[in-house]
Every structure is written in structure tokens, then in C-alpha cells.
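Beneath this line is the structure, given in C-alpha cells, with notes to follow.
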Amino acid sequence: MKIHKNILVITALLLSGCELTEVTNPYVTEDRFLTGSQSAVTWVNGVRRQLSQTVGTVTEFTELVSDNYFNNYTQSSKVFDVPQINYFDIDVTRIQTAIHQLLEMSEFGLTDVLPGDPESTQQQRAELLRSKAYALILGAELFVALPASPLGEVQQPEQLLLNAVGLLDEAAGLFAEPDDKLVCALLTARIYYRIGDAAQAIRFAQEALANPLLLSQVYYGTQTGPSNNFQSAIYSSTTNQFAPLPRLDFLDPKYFHTTGVVFDDEKPISIAKAEEAFLIIAEAQAAANELPAARETLRRLLAETVAKRPVVMLDDSRETRNGGNRGDYPLTAVSVRFDADSDPVAGLVLDRQAGLIPAYTVSGTSVSEAQLDAAVSQDGLLYLIYLLRQEIFIAEGRRMTDLGIRFPISQREEQNNGHVRPEHTKAVIPSFIPVNRELDDFTYDEQQGTVTIRHDMNKILVAHKSAPEIFPFNN
């Protein structure tokens, strides 16, 4: 990680949205900025913008690596669908850079900007602490390891996560709004989930459920803010750049515009929501063989949270999946088999020419209470939990981590940071992950009106639940 802290460089980033470049501005010096009025407000707004950019970058590329979406066009990564992940890939560099920019900007705000502005507030400090913690969470979940400071020592994911716990604890004590405190609790539950500490994960998840509709999002589309590039890839552009795996078709698009000008209606991306608290608790209960309790937790998830999230009836009739890499995507209402051994399921692929379709901007799922009742074994419940995680977190950049895949440290970091060792430059792709683009593969029998997914990855995950890369509570 090589990030300039020169205020001229970072201010240029905030105001222009361009890459870090050296600039000369005789009117804005570091001293003038740090001692001037409104420096804290300006900096916090810049960190919010960087948070949106970082989440957007992570979402775009991790969704392609996963089985949620495949690249159906010539833009974006051509190899993440394989999945092929090399440390010299420019997209690996982009993801790491986005996370480190958020980390460094948050840290600079805490150590230099806020102390220099007598008008800075506890709320601003809390927000920067939470942004720094979120950067550490992303680094821990997505990479084999990362340095947490410029050219610093490489830290393992658990180190990054435990450092984030302290930041969130401090932030929770400074926030005035109850929901801000609950978001800190939910992010802490997410950390302990990844570490595999069931007791602590449940404790903080239950705290977060004081609001079963808790939601924290990052925003796009202001006149000075970034665009939601994922929205463009799945809806707003004239080309259908990314296409969902057909069994997830009914959840696409999660982001869309209903205005004449796209920039006036760019949807936010969720980074913390109450659904995750229920899922963490249910998985811990299932792992402990407390199956009735896990089923009840999942029933509450469906009734108290998912059912109450907004649903927009959307005209998606121009959707033709016309990207070009696959010409056999079904465009009418057909049944889907999750793999060759599964029974066909209706209602997952929509006929978008037949009328308005429901669009789930926060959460949607195909899982029903009847399916929960029918899941009488631990594996059956774990299967539904991971199907719920996949559907509820679609287009939020979470699935790659659930699959156990991790990015390597980038070549740029390796060339500049002597702490990077050869093992840090190798991606983690578990042996049970299909390769050669099979992760996103399917066949379409037009005569039978049935799509068959090549691999039911949730079934495969459950079969390998003891693998060290996945199922934190089973290791």
C-alpha cells in the first residue's frame, strides 16, 4: 500500500473523483486546510464518498467472482468468472486500493483533521471510526492478508477483524442515534461470525435486533458523488453487462432507475442490515444442533424483516440479456433445477414482457416457511441458511466470502512493501469450487421449459461444511 497523505493530493481525489495525482494549488495548502473552518465537515463528506466508491468497487468484482453474476459482455473482468485471480490483475489492485484509500482517509481524518478543527464533533469521530473499521472488515473478508498502514506489516484476517472491534466499540460510545449504535453492534457480530466465536456473535446480533428493520446504506448519484456502476451493469445501461445465475433471476435488478435521468435515481447499496443478525444467530443454532430454535429464528427473519422490506413494481420489459457472451439465457417464465438431481422450481425466472415485476431493493428470497418446516436435519437447515444468505445479500458483494474465495495481495503492494511474502500473492480458491466457468454454468431446455444449473453451490458448501475456508461455526 503506497498512499500519499499530502493534503493536496487527497483533496484532489475528493473533489474530482480521479486517481491520486500530484497537483499544485497555491490557495489550498495542508496547513490552511487543517486550520480552516469546516475542515472536519469537508473531510467526513469526502470519506463518505470514498466509502461509496469502495463498496461499489467491491460489489462489482466480487459478484463476478461468485456464482451470483457472470460477465455477459466485453467490459469489466474477463477472468473472474473462471475463477482466475492473479496478484498482477489490475482489478485486484483496484479493489485493494479502494479499501486502503478508505482506511487511510479515515485514519487521516481521525489523527489530523478532527484534532485541528475546533468545530469537529463526536459524531464525526464516530463516523470515521466506523468507516475505518469497515475498511478493515472488507480487507479481512476479501484478502488472504493485508497491511493496515502504508508499507506496514502484513496482518492476517483475524488481526484485522479484532482491530476493527475496538474501533466499533469506541464509535458506539460516541454515536448519539440508537440505530448508529446498533449498526456498530451488527458489524461487530459480523466480525465475531467470521472469527467463529458463536457466543460473541450471537450477543451482538441480538443487540442489533433491537431494531428488526435496521439498515445502513451507502449512497450514489449526487452531483458530486460517484455513480452506482453495478446499477449501470444490471439495469441502467443499454447493454446487459452482468447477468444473474438463472435461479437468481427474480432478484434482478436490485438497483434501477425510474426517472428520465439515471443520475437522479441511483439506488444505495446496503452495508449492514438486520437480516444478517437473524442469519448469524440461526447459523450458530444450527451448528449447535438447536434445530427448532434455528427454524424459529428464520421464521422471524422472514416475517419481521424480509416481508417488511420495500418492493417496487418495475417495468423491466427492455431486459433482453443481450450482452453477447451467452445467447441462451431464458427470457420467459421457466422452471429451474438447482442441479441435475433437483426437482424443477417455478417462479425464479420471470417473463419481463408479461407486465410489471417486483424489484427487491433491500432483501428478497424464495425461501418459504414450508421449506423451513421441511428442513428436519442440520444439513437441511444449513442449506437454507446459505440460500437465504445468497439471495438476501445478492448484489452486495458478500457471496464470494461465503464461498471461501480470497484475493491475493496485489503486485503493486508486493513491489513496494518488503513485508509481503510469496504466499500473500496467491489467491485462495477452495478445491470444491468449480473452475473453467462452471460456477455460473447452466443449460436451457427450451422444449421442456427448464433451466438446469450445473452446480448447486449451496449443496456443495454444506457437503464441505468442515472445510477451513467456510462455515465459521463448524470449524
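The values are calculated or read from the model by the stated rules, or taken from the named source; none is laboratory data. Only a predicted model underlies this, so the values are computations on that prediction, with no experimental measurement involved. Please note: Cβ atoms are built from the backbone with ideal geometry, for glycine as well, and neighbour counts cover all protein chains shown. We work out accessible area using only protein heavy atoms, side chains counted, and drop any ligands, DNA or RNA first. Shrake-Rupley method; radii C 1.70, N 1.55, O 1.52, S 1.80 Å.
Structure values in brief
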item: Cα-based Lys pair tally, the chain, threshold under 28 Å, eight or more apart or on separate chains; result: 27
item: Descending principal axes extents, segment 78-210, alpha-carbon based, whole Å; result: 45, 39, 27
item: Two-decimal log10 I(q)/I(0) for segment 224-284, as the Debye equation yields it once each C-alpha is a single scatterer, q = 0.22, 0.26 Å⁻¹; result: -0.94, -1.09
item: Rounded Å value of the spacing that divides the Cα centres of segment 143-219 and segment 316-377; result: 33 Å
item: Segment 272-317 - Rg and Dmax from Cα coordinates, angstrom; result: 13.8, 46
item: FRET E, pair Glu177, Val428, Förster distance 45 Å, beta-carbon r, rounded to 0.05; result: 0.75
item: Rounded FRET efficiency, nearest 0.05, which uses the C-beta distance separating Asp373 from Ile90 and R0 of 45 Å; result: 0.40
item: CD proxy at 222 nm, helix term only [per DSSP H run n ≥ 4: -39500 (n - 2.57); per residue of the chain; nearest 500]; result: -13000 deg cm²/dmol
item: Computed label-point distance, nm, for sites Gln75 and Asp315 using a 7 Å Cα→Cβ extension; result: 2.3 nm
item: Cα gyration tensor category, rounded, prolate or oblate, for segment 413-465 with a/c compared to 1.5; result: prolate
item: Carbon + sulfur, % of accessible area of segment 129-188 - ligands and nucleic acids excluded, 1.4 Å; result: 49 percent
item: Carbon + sulfur, % of accessible area of segment 290-373 - ligands and nucleic acids excluded, 1.4 Å; result: 51 percent
item: Å² of accessible area per residue within the chain, as computed with a 1.4 Å probe and no ligands counted; result: 39 Å²
item: 25 °C / 0.890 mPa s Stokes-Einstein diffusion coefficient of segment 328-412, Kirkwood radius on C-alpha pairs, µm²/s; result: 157 µm²/s
item: Extension gain (nm, one decimal) between Ala346 and Glu446, 0.36 nm per residue minus Cα-Cα; result: 34.5 nm
item: Segment 207-248 - percent of accessible surface contributed by carbon and sulfur, probe 1.4 Å; result: 48 percent
item: Sites Gln159 and Leu331 - FRET efficiency at Förster radius 41 Å, r taken between beta-carbons, to 0.05; result: 0.30
item: Kirkwood hydrodynamic radius (C-alpha pairs) into Stokes-Einstein, the chain, 37 °C and 0.692 mPa s, D in µm²/s; result: 143 µm²/s
item: Whole-angstrom Cα spans of segment 171-263 along principal axes, big to small; result: 47, 35, 21
item: Computed Rg/Rh of segment 97-137, alpha carbon atoms with Kirkwood Rh; result: 1.00
item: D_trans [Stokes-Einstein, Kirkwood Rh over alpha-carbon pairs] for segment 355-473, 10 °C, 1.306 mPa s, µm² s⁻¹; result: 92 µm²/s
